[in-house]
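To start, the structure under review is shown below, and the notes come after it.
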Amino acid sequence: MASTDIRGADIVMRTLERAGHHTIFTLSGNHIMSLFDAAIDTRQRLVHTRHEAAAVHMADAWGRLTGEPGIAMVTGGPGHANASAALMTALGQESPLVLLSGHTETTQLGRGGFQELRQADVAAPMAKASWTASATATLGAEVAKAIRIARSGRPGPVHLSLPSDLLDATVAAADVVWPEPGAFAASPVTLNDAAADAILGIVAAAQRPFLLAGPAMANRAGRDLLARIEDATRIPTAIMESPRGFNDATLGAFADAIRRADLIVLLGKALDFTLRFGEPPAIDAACRWVVIDPEAALVDRAVRERGERVAFGCVADTRPAGEALIRRVAGKRVSSEAWYAEVRALLTDRPASWETLASKTPGKLHPIEVFRALKPHVETHPDTMLICDGGEFAQWGQSVLPVVPRRLINGVGGSIGSSLPMACAARVIETEAPVFVVLGDGTFGFHMVEFETAVRCNLPFVAVVGTDARWNAEYNLQMRDYGPNRTFGCELLSTRYDLVVTALGGHGELVQSLDEMPGAIERSLASGKPACINVMIESISAPVVRSRP
Ligand SMILES: Cc1ncc(C[n+]2csc(CCOP(=O)(O)OP(=O)(O)O)c2C)c(N)n1
Ligand SMILES: [Mg+2]
C-alpha cells in the first residue's frame, strides 16, 4: 500500500468527521470491523449497544433532539434486519438519521455470500432513501448524500449499505471524491411572499382557523416557531405527533376544538389517519384546508382527499414557511382573540374529577398519582428531557406531565419500546439536566438490557415503569371489541424490573404506595446511575378528554 493510498473505511470515518459527526451508535459485526478500526484514528465516539434496533433508536433520539442526523452503524444481514425494524419509528416521527450497514462483499453477491441479504430493499419502505454503495473512491460522497437527504425537506431516516470489500479496499488518495462542505447541507424550499400573503388572506377570511404541525416540529426550535406564529397571528396551533390522533392525551379536548374549525392550515402535517383523513363528522364537512408541505405527493394526497375544500396547496419546507407567515403578517390581525382563547382552553382542559382520582387498591398506585409525584421534578430544570413510551400508563403521563420543549414520544409510527435506548442518547447529548423515561411494564421488556449500555457508558437517567402485569392497551381493545369474557394473551407477571436493573449495575427502586414515590425519585436522581423505579399500579385505561358540557 503506497503511503498516499487510503482505505474505504477511513474515507467513511473521515467524511463523518468532516460533517461534524463525532458520535456513532453501533453494534459490532464482521462486515463493519474495518469501520471500528478506522474510528480509532478519528475523534469518533462509539456508543455500542446490545441490539441493533437500539442503535437506530438512539440515532433517532439524536436526530430529534439536535436537529442533526444521528448516525447508526450495524453489521450486514441479521444486524441490518434488526436495525431496520427501528426505522419505522424514525420515519413516522420525521427524525433525521443515517443508518450505515455493513454488507456482503460485492464479489460474493448472488453466490450465497456470508449474511447476504437484499438490504436496500429491506430498508426501502421505512427510509427516505436506501441504497448500496458502489465504489471505494466515492464512499465519502455517498455518505454526504445520505446526510443531505436525511436533513432535506421532511426530515427522516436514510439507509446506506457498505459492502465490506469496498471498505477494506484502498484507493490512491488523488482518486478519492471528497464531498464539498455544501454536499452535506439541505437546500431549503422557502414559501414566497405571494404564497404567504395568499394564505394569510384565506386565514383572515375564516372565523375559526387552526394550524396543525407534524412531528418534525416537536422539538425546541419547532415549539418556539409555533409560539411565535401564535403571537404574530393569533391562529391557535397544535402539534400532532401521536398515533392516538384526536385522543392524544397531551392535547386535552382537541377533538372539540378541531370539530369547530372552519379552516385547517396543515404546516408540514400529513393528512392521514391521525386526522381521520379530514372526514366528517370529526371535522366539519364545510371546513376548508390550506396545505403547506415539503412533499408534492402529500399536497396532492390532501387534494385527492378533500377536493375543492383545499383552498390553497403549495410545496415548502415547514420552518421557512412558518417564518414567512410571521414576516408577512406584519402586525395585521388575521384571527380572533376569542377563538384563540377558546382553543387554548380546550387544549389545556383536564377534567375536574381528576383532582380526586386515587388508588383504591392497597399495594398499588393509580397512574395519575405516579405522575403527580413526578411532575415537580420534570418542571425543575428548563432543559429536562422527558421520554414517554407505551400504552395506557404513558398516556396518563402525557396528559399530566408538562410538555417540556425536549419531550420525545414514540410517535405516529405507533411502535412501543424505543424509550430506554432514547434515554441513553438523550444523556449523551445532555450532561446536566434530568432525563426521565415513563413507560409501561410490557414496553420495558423490549430493550431493558440497554441499562447495561447505560451503566457501561455512564449515562444516568430515571425510568419510571408502571407495572400492571398486563399489555393493558391491548387488553382494553379486547374488552371493548370482544367483551370481558374474551380477554386473552395480554397478561404479564409483576416482575421485579428494579432488580433487573440492579443486576445490570444500575439503581433500582420498588414502589407500592404513594408515600414511597418522593424518596424513590430523589434517591434515583442522587444515585447518579441509570435508575429504574418500578411502580406497582392499578391497570387503568388511558384518559380521553372531551370538553365539559
Ligand atoms: C412494536 C409494537 N408492538 C406492539 C404494539 C401494540 N401495543 C401497543 S400498546 C401495547 C401495550 C403496552 O403495554 P405496557 O407497556 O405494559 O403499557 P400499558 O398499556 O399496560 O400501560 C401494545 C402491545 C405496538 N404498538 N408496537
Ligand atoms: Mg402494562
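Brief remarks follow.
- Backbone N within the range 227-271 under 14 Å of label point (7 Å from Asn192 Cα along the Cβ vector): none
- Selection from Asn82, Val143, Ala338, by position along the positive dipole direction of the chain (Cβ): Ala338
- Going from the residue with the fewest nearby Cβ atoms within 10 Å to the one with the most, Trp339, Trp131 rank Trp131, Trp339.
- Dipole magnitude (debye, nearest 20) for the range 7-96, charges at Cβ of Lys, Arg, Asp, Glu: 120 debye
- Rg/Rh ratio calculated on Cα atoms of the chain (Kirkwood radius): 0.99
- Hydrodynamic radius (Kirkwood) for the range 443-546, which is based on Cα pairs only, to one decimal in Å: 15.0 Å
- Nonlocal amide H pairs with Ile537, under 5 Å, H built at 1.01 Å: Leu365, Thr467, Asp468
- Shape analysis of the range 314-405 based on the Cα gyration tensor places the equivalent ellipsoid semi-axes at 37, 18, 12 Å, largest first.
- Zone of Ser547's modelled label, taken as backbone nitrogen in the range 285-314 under 18 Å from a point 7 Å along Cα→Cβ: 285-288
- Our helix-only sum for the chain, with -39,500 (n - 2.57) per DSSP H run of n ≥ 4 divided by its residues, gives a mean residue ellipticity at 222 nm of -11000 deg cm²/dmol.
- Label-point separation, Gln108 to Arg276 (7 Å along Cα→Cβ), nm: 5.4 nm
- Extension gain (nm, one decimal) between Asp481 and Ala124, 0.36 nm per residue minus Cα-Cα: 125.1 nm
- Part-to-part distance (alpha-carbon centres) for the range 248-273 and the range 387-459, which is given in Å: 26 Å
- Proximal aspartates and glutamates to Lys332, defined as alpha-carbon separation beneath 13 angstrom and excluding residues fewer than eight positions away on the same chain: Asp197, Glu230, Asp231
- From the largest down, the range 240-287 spans 26, 22, 16 angstrom on the principal axes of its Cα atoms.
- Converting the Cα gyration tensor eigenvalues of the range 200-321 into ellipsoid dimensions via √(5λ) gives semi-axes, longest first, of 18, 17, 15 Å.
- Amide H partners (placed H, <5 Å) of Thr132, local residues excluded: Ser161
- Using Cβ point charges alone (K and R +1, D and E -1), the dipole size of the chain about the Cα centre works out to roughly 1100 debye.
- Kirkwood radius for the range 32-165, taken over all pairs of different Cα atoms as the inverse mean of 1/r, rounds to 14.6 Å.
- The phi-based Karplus calculation (6.51 cos²θ - 1.76 cosθ + 1.60; θ = phi - 60°) puts the 3J(HN,Hα) values of the range 310-316 at 7, 7, 7, x, 7, 8, 7 Hz, whole numbers, x for Gly and Pro.
Every number in this text was worked out from the coordinates using simple rules, so none of it is lab data. Since the model is a prediction, treat every value here as computed from it, not as a measurement. Note that we place each Cβ from the backbone using ideal geometry, even for glycine, and neighbour counts take in every protein chain shown.
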